[in-house]
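Accompanying notes for the structure given below.
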Amino acid sequence: MKKGIVALVLSLAIVPAFAQKPCEELKSEISKKLEAKGVKNYQLEVVATEEVKDQKVVGSCDGGKKKIIYKTEKT
């Protein structure tokens with residue numbers, strides 16, 4: 001039980017560290033993962049956190065001030 005609690009606390013401590021990553025670097029990493037899975041016709045866009053409405057958020061960057069949203073492109 002204690003190991004589970006420790007793991008949970010550590011995972012929660014690590015999550016904000018990912019938000020510190022520069023937006024373009026994180027956007028590039030997400031793009032590579034999507035392409036490796038065969039995803040096509042998509043767009044990733046960096047927006048201010050307060051501008052996010054009902055879009056699909058796939059990343060957080062710039063200390064949590066910005067989000068990376070995922071959109072599918074119509075072909």
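The values are calculated or read from the model by the stated rules, or taken from the named source; none is laboratory data. Because the structure is predicted, anything quoted here is derived from the model rather than measured. Cβ: placed from backbone, ideal geometry, glycine included. Neighbour counts: every protein chain shown. Note: accessible area is taken over every heavy atom of the protein model, side chains too, but ligands, DNA and RNA are not part of it. Shrake-Rupley method; radii C 1.70, N 1.55, O 1.52, S 1.80 Å.
The single condition among (1) open to solvent by 60 Å² or more (accessible area, probe 1.4 Å); (2) at pLDDT 90 or above; (3) closer than 22 Å to Gly64 by Cβ that Glu35 does not meet is (3). Restricting attention to the stretch 33-43, the residues that are under 16 Å from Thr72 (Cα atoms) and either assigned to a helix (DSSP H, G or I) or touching a residue at least 24 places away in the same chain (Cβ under 8 Å) (or both) total 6. Selection of first residues in the stretch 44-65 that are surrounded by 14 or more Cβ atoms within 10 Å (Cβ to Cβ) and of second residues that are modelled with pLDDT under 90, restricted to Cβ pairs under 6 Å at least 6 apart or on distinct chains, gives the following pairs, ordered by first then second residue: Ser60/Ala19; Cys61/Lys21.
Ala19 meets each of the listed conditions (1) open to solvent by 80 Å² or more (accessible area, probe 1.4 Å); (2) modelled with pLDDT under 90 apart from (1). Given the condition loosely packed, with under 11 Cβ neighbours inside 10 Å and either modelled with pLDDT of 90 or more or touching a Phe, Trp or Tyr at 6+ places or on another chain (Cβ under 8 Å) (or both), answer yes or no: does some residue in the stretch 68-75 qualify? Yes, the stretch 68-75 contains a residue that is loosely packed, with under 11 Cβ neighbours inside 10 Å and either modelled with pLDDT of 90 or more or touching a Phe, Trp or Tyr at 6+ places or on another chain (Cβ under 8 Å) (or both).
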